[in-house]
Amino acid sequence: MLALLFLLEAWLWDHLEPLVARVVGLFPWCRLKDWIKRTIESLPPWAALGVFIVPFVVLLPLKFLEVFFLAKRQWIAAGLVLLAAKLLGLGVTAFVFDATRDKLLQMAWFARMYDWFMWARDWAHEMTEPVRERLRQLTWLLKPQRAGRFLRRLMRLRRNAYRRAA
């Protein structure tokens, strides 16, 4: 279960980070992003770690708005704000991590932790690969042109199971 949860988080990062990066890239913030990267490069590693406070500060008003909508029982609005906060947070965190990665990896404890998370991600992929492969096979079998054949096989397996049980 832990592997699946870790893999879900890694999957979201892998698949949403490029999307959010493209959306952020639509805005003409090139000079601002370059300035931020240059500023971070001039920081010592421990100060670069402090830059990670920025995404939390940026998202704080959205969190308050989300709680407000939840208190007012406006579930759809709260869900939309949650989704916007997740995507914005992912975009800002991805940018900040990309800009600070080299500095952060200079700290031994961070490099060990980073290596551990990469190992855990590979482990989660390895643990869930048989399940994911089986799901891919089942998805392939359930395609419209194959659904009838799949259902016939399923019924045959069911009949055989009942016969063996009797």
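The values are calculated or read from the model by the stated rules, or taken from the named source; none is laboratory data. For clarity, every value in this text was computed on a predicted model and none was experimentally measured. Quick reminder, even Gly has a Cβ in these numbers, built from the backbone with ideal geometry, and neighbours come from all protein chains shown.
Values computed for the structure shown
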| quantity | calculated |
| --- | --- |
| From the options R101, R152, residue that is within 30 Å of D34 (Cβ to Cβ) and free of Cβ contacts under 8 Å to residues at least 12 places away in the same chain | R101 |
| Within segment 45-98, tally of residues that are within 30 Å of A111 (Cα to Cα) and aromatic (F, W, Y) | 5 |
| Any pair with Cβ under 8 angstrom, 6 or more apart, that starts in segment 55-79 at a residue that is more than 27 Å from F95 (Cβ to Cβ) and in the same structural domain as G91 (by TED's automatic domain parsing) and ends at one that is charged (D, E, K, R) and not in a helix (DSSP H, G or I) | none |
| Matching option when the condition is at pLDDT below 85 and either over 21 Å from the mean Cα position of the chain (by Cα) or of a type in the set (A, V, I, L, M) (or both), among L88, L65, L105 | L88 |
| Long-range neighbours under 8 Å by Cβ, at least six apart or interchain, first residue in the same structural domain as D102 (by TED's automatic domain parsing) and among the aromatic types (F, W, Y) within segment 29-40, second in a helix (DSSP H, G or I) and surrounded by 10 or more Cβ atoms within 10 Å (Cβ to Cβ) | none |
